[in-house]
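Bear in mind that the values in this text are calculations on the coordinates, not laboratory data. A quick note: this is a predicted structure, and the numbers were derived from the prediction, not measured. Positions of Cβ are generated from backbone atoms using ideal geometry, with glycine treated the same way; all protein chains shown enter the neighbour counts.
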Amino acid sequence: MVGALLPAGTTLPPLPHLVVLLLATAGVVAALRRRRPAVTGRRVLALAPWMALGSAAHVLYVVDALQPLLAPFAGSPAVYLTVGALAGAAWLAADAARPDRIAATIAAAGALCLVPVVAVAVGTGVSPVGARWSTLALALTVPVAGATWAGLTRARPETRVTGGVGGLAVFGHALDGVSTAVGTTQLGFGERTPLSRILLEVGGLPSLPVIGEGWLFLLVKLAVASAVVWLFAAYVREEPAEGYLLLGFVAAMGLGPAAHNLLLFSVAA
């Protein structure tokens, strides 16, 4: 069952790297528990660049553009701990140095880390075809996610309490669905997660422009994301800190793979 959920290529890093990661993560978690910085929707939303950073770093790992000493930190699932520890450290630093502008500082720090990583990936070479389809996937996602969010908040007005974090969750999963469908239909990329691959390989479906038969995968992603946001609405209302953090994790599960798709297509298609 676990194998059906994990992407192909999921491996643990070498023991020395794993020890460093676990110690760093444990240290940051302990510091966060001790300081207990306030959690708000804006601060969780500010983690969006960090979600993309993990994906960009993993692209460098996939295209073999990292030094051997650094590469294991960007593998899967190690990259989650790597970026999580860095983001947590940035949150602690922002809480200590700029308590009046924590969200802006977290977002700026993430963007400053993201830009050079993307630049290195682009520096390995750009695929005009892949970049064009990535741009189209992003452009198509905007109205799809917008319509989904509008429909969700109209049908279930209580979901509005999730604010930008709920919107990010819907957008991230919409972008993952669209980009994955585009990658498999137009660029010949395969899906690494077995359960997702089953949806993408269902035969006999009518084909739509751009996303082909991948519309079923997109539809399931949108339905699941919408349902999760709706279920989390009461949690966010009653326990905002925990609710926003967990909903932010849901958003990262969509935005992270989506950002990985767009960048990988742009440099490796």
Exercise. Among [x] 7, 27, 36, 24, 6, 0; [y] 7, 29, 35, 17, 5, 4, 2, 1, 0; [z] 7, 31, 37, 20, 4, 0, find the value of P(r) over Cα pairs in 10 Å bins from 0, in percent that was calculated from the structure presented, and write down its label.
Key: [x]
Practice problem: Identify the GluC sites (Glu not before Pro) of the range 198-269 meeting these criteria: DSSP loop state and at most 15 other C-beta atoms within 10 Å of the C-beta. | Solution: 201
Self-check item: Packing-based ranking, highest mean first, of 60-67, 259-266 given that Cβ atoms within 10 Å are counted
Solution: 259-266, 60-67
Quiz item: Taking a ≥ b ≥ c as the square roots of the eigenvalues of the Cα gyration tensor of the range 9-125, is the shape rounded (a/c under 1.5), prolate (a/b larger than b/c) or oblate?
Solution: oblate
Quiz prompt | Separation in nanometres of the label points that stand 7 Å from Cα toward Cβ, at residue 10 and residue 219 | solution = 2.7
Quiz item: For the range 60-121 and the range 17-48, what is the separation of their Cα centres, given in Å?
Solution: 12
Quiz item: Is the shape of the range 56-150 best called rounded, prolate or oblate, per the rule: a/c under 1.5 gives rounded, else a/b larger than b/c gives prolate, else oblate, with a ≥ b ≥ c the square roots of the Cα gyration tensor eigenvalues?
Solution: oblate
Practice problem: May I ask you to derive the relative contact order of the chain, considering only C-alpha pairs under 8 Å and at least 6 residues apart, and to give it as an integer percent? | Solution: 29
